[in-house]
Amino acid sequence: MFHRNAPLTGTGRLRLARCVVDGGWPLRRAAERFQVSHTTAARWAGRYRKHGPAGMHDRSSRPHHQPRRTADTVEERVVRLRREHRIGPLRLAARCSIAASTAHRILVRHGLPALAACDRATGEPLRRYERSRPGELVHIDVKKLGRIPDGGGHKVLGRAAGRANQDRRNGTGYTYLHTALDDHIRLAYTEDLPDEKAATCADFLRRAAAWFAARGITVERVLTDNAWAYTKNTWRDTCHDLGISPRWTRPWRPQTNGKVERFHRTLLDEWAYQRPYTSEAERQAAFPDWLDSYNYHRPHTGIDGQTPASRATNLPGQHT
């Protein structure tokens, strides 16, 4: 990779070298013409004489000899412990009597990814995927969230006073956040509904499909988990009526639907638990603004810092 301020690319280096070697230009004339130093011009001309056009590429800055490099036996132990116990650099360093930074460099050198990028059960790297166009796949899931009683819950009143809300009979109950999230652009549509029954989920799908259609996105497939509501004929018939192909995750593999699961975690961190609310109505009133910010203004790290709306074509409200 070339430095951003490099005056010469591979093509420019080759032109300079040919001017000196094949054209007989003096080094100082070539250096002035290509706006580099005399020593730089001499270096590329020398590499061209020795290696030809192949010598014009960048070389590794790694030294030829590293007398203080970690012993191979230590590296082998670090790699073995990582694969057997799936532990990070800090714990590896303690077991192998080396610095944590050294353990990290060993892991990088051997191509071992960070633990966050690996499956917890198998230790294998997670396989990332992304559909090629909006609407090709929409992830759907439900997040169950305890309602906030009037006057505030445990974050306002403290744990003891807020514990009454956990009473199944006398508590304020739960809200069910139904979300449809596009796999390609990560645009999200969420509704606060009273339950997660089959009819409720089916009606939500109809409204979600209409919401995406109003934004020029045709839903082709939906992916859900194997919850009761998504395996009934009500759900299948609704998908058939809308021309949508239903898909289900593999049992006990929530990672397959991980994009909407991650959206719900973001939702909890940045809206639901972002500050103490004194009532459920106050929290729900703050939700439309947060969702609008998520869709249109908040940079999304999963899509290279873009906003979901910026990945769609001519999306209404994109520039507001």
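Throughout, read-outs are computed from the coordinates displayed, never taken from laboratory work. Treat the numbers as computed from the prediction; the structure is a model and nothing was measured. Please note: Cβ atoms are built from the backbone with ideal geometry, for glycine as well, and neighbour counts cover all protein chains shown.
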What number of residues in region 249-288 are within 22 Å of the chain's Cα centre (by Cα), outside any helix (DSSP H, G or I) and polar (S, T, N, Q)?
-> 2
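If you check Ala309 against the conditions, is it of a type in the set (Gly, Ala, Ser) and touching a strand residue (DSSP E or B) at 6+ places or on another chain (Cβ under 8 Å)? Let's see the steps before the verdict.
Numbers: of a type in the set (Gly, Ala, Ser): yes; touching a strand residue (DSSP E or B) at 6+ places or on another chain (Cβ under 8 Å): no.
Answer is no for this residue.
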Flagged in region 12-39 as in contact (Cβ under 8 Å) with a residue 24 or more places away in the chain and either among the hydrophobic types (A, V, I, L, M, F, W, C) or in a helix (DSSP H, G or I) (or both), in numbering order, are Arg13, Leu14, Leu16, Ala17, Arg18, Val20, Val21, Phe34, Val36
So, first residue in contact (Cβ under 8 Å) with a residue 12 or more places away in the chain in region 280-299, second residue of a type in the set (Lys, Arg), Cβ within less than 8 Å, six or more apart or across chains; the pairs are Glu280/Arg147
Of all residues in region 204-238 being among the charged types (D, E, K, R) and not in a strand (DSSP E or B), which is nearest to the chain's Cα centre (by Cα)?
-> Asp225
Subset of region 209-248, residues at positive phi and free of Cβ contacts under 8 Å to residues at least 40 places away in the same chain, comes to Gly243
Leu193 surrounded by fewer than 23 Cβ atoms within 10 Å (Cβ to Cβ) and in contact with a helix residue (DSSP H, G or I) (Cβ under 6 Å, 6 or more places away or on another chain) = yes
Give region 192-218 a look and list any residue that's under 15 Å from Thr238 (Cβ atoms) and of a type in the set (Asp, Glu), or say none.
-> Glu196, Asp203
